[in-house]
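Presented below is the structure to which this report refers.
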Ligand code: DAH
């Protein structure tokens, strides 16, 4: 005989509240009855009934936890025991949830994404675990190519790779967005996220950092379009006009490859001639386009990639890259 679920639930909750062994509720006749009723049902009825029973079970489990905590006399206070504190030898200074704030990198990354999406780029987050194909092969690094060593790549025992750059997303973007070449005439995407390198940590290097990568493909894509796009980005991000310069670089996935530099603005403590390398870029190598099924005789592309921390450090005069991952309250509060 089907039961009135609400009435049964109320009874079971009352049992939990009054019992010294609240989890015993699952052995009770009333609780078991819910399942034996289900056996005699079929089709949609059974599915709907099963869902309701599962919901009741979840509510009971929560009530059991609360009751068990009161039995153990553990106060249910809203203190977050995982909150970081300052290492100043005193008592932990817990983070009051009212004063919590976004991490400076999250805040700045959102600004970066905002600038590019307003220019018409789609934005996708990069993966945090990847494979050799996307890290190297699809980017025109042949097997055993010495340039692979430049990327200080971590590997899991199973052979997976926590990506050392966001360029791992290039092949995916090209394959997925290829139909847009027919419909819109271009692909314009950025990819952003965490990357990892097995290198010694110092004021300008960390094992974990953030990058943002851009990919643009069309029949007329050119270096001058790329330089215009990048200059525009940096000028909006720093809120002032900037001098830019490039010098030759080398990446297997671009030809030609360039290093893109800006002159450190006077308001950020720069003197004329104080050039800072901000990112790597170039025209996408024909092999990279071909591997994604895009005909390099018809289409060209440009791409770039660079670190987010460097952008933010320059903007705010942060002298040590390691602050970002330190969890130090004094540092984080400056950006709250
Ligand atoms: N992936 C390179 C790095 O991490 C940066 C880069 C250079 C990205 C050139 C690009 C590019 O997309 O075209 O050092």
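The values are calculated or read from the model by the stated rules, or taken from the named source; none is laboratory data. Keep in mind the model is a prediction, meaning the values are calculated, not measured. When we count neighbours, we look across all protein chains shown, and the Cβ atoms used for this are built from the backbone with ideal geometry, even at glycine.
Side notes on the structure shown:
- Any hit, the range 284-306, residues being closer than 24 Å to residue 325 by Cα and at pLDDT 95 or above: yes
- Checked across the range 186-206, the condition of being in a loop (DSSP other than H, G, I, E, B), closer than 17 Å to residue 130 by Cα and either touching a residue at least 12 places away in the same chain (Cβ under 8 Å) or more than 18 Å from the chain's Cα centre (by Cα) (or both) holds for at least one residue.
- Across the range 263-287, the number of residues qualifying as more than 16 Å from the ligand (Cβ to nearest atom) and either assigned to a loop (DSSP other than H, G, I, E, B) or in contact (Cβ under 8 Å) with a residue 24 or more places away in the chain (or both) comes to 11.
- All positions within the range 50-75 that are modelled with pLDDT of 80 or more and more than 17 Å from residue 7 (Cα to Cα): 61, 62, 64, 65, 66, 67, 68
- Unmet criterion (only one of (1) within 10 Å of the ligand (Cβ to nearest atom); (2) in a loop (DSSP other than H, G, I, E, B); (3) more than 20 Å from the chain's Cα centre (by Cα)) for residue 142: (1)
- Breaking point among (1) touching a strand residue (DSSP E or B) at 6+ places or on another chain (Cβ under 8 Å); (2) within 16 Å of the ligand (Cβ to nearest atom), for residue 325: (2)
- Counting the residues of the range 190-219 that are within 11 Å of the ligand (Cβ to nearest atom) and under 17 Å from residue 163 (Cβ atoms) gives 10.
- If the condition is being assigned to a strand (DSSP E or B) and touching a residue at least 40 places away in the same chain (Cβ under 8 Å), then the range 208-258 contributes 208, 209, 210, 211, 212, 213, 214, 215, 216, 217, 218, 254.
- When residue 127 is tested against (1) surrounded by 14 or more Cβ atoms within 10 Å (Cβ to Cβ); (2) in contact with a strand residue (DSSP E or B) (Cβ under 7 Å, 6 or more places away or on another chain); (3) assigned to a loop (DSSP other than H, G, I, E, B), just one condition goes unmet, and that condition is (2).
- The single condition among (1) over 28 Å from residue 206 (Cα atoms); (2) surrounded by fewer than 16 Cβ atoms within 10 Å (Cβ to Cβ); (3) within 12 Å of the ligand (Cβ to nearest atom) that residue 250 does not satisfy is (1).
- Checking 146, 162, 142 one by one, the residue that is buried (at least 18 other Cβ atoms within 10 Å of the Cβ) and assigned by TED's automatic domain parsing to the domain that holds residue 279 is 162 and no other.
- Checklist (1) farther than 24 Å from residue 130 by Cα; (2) within 27 Å of the chain's Cα centre (by Cα); (3) within 10 Å of the ligand (Cβ to nearest atom) applied to residue 237, failing item: (3)
- All positions within the range 168-189 that are touching a helix residue (DSSP H, G or I) at 6+ places or on another chain (Cβ under 6 Å) and either near the ligand (Cβ under 10 Å from one of its atoms) or not assigned by TED's automatic domain parsing to the domain that holds residue 298 (or both): 168
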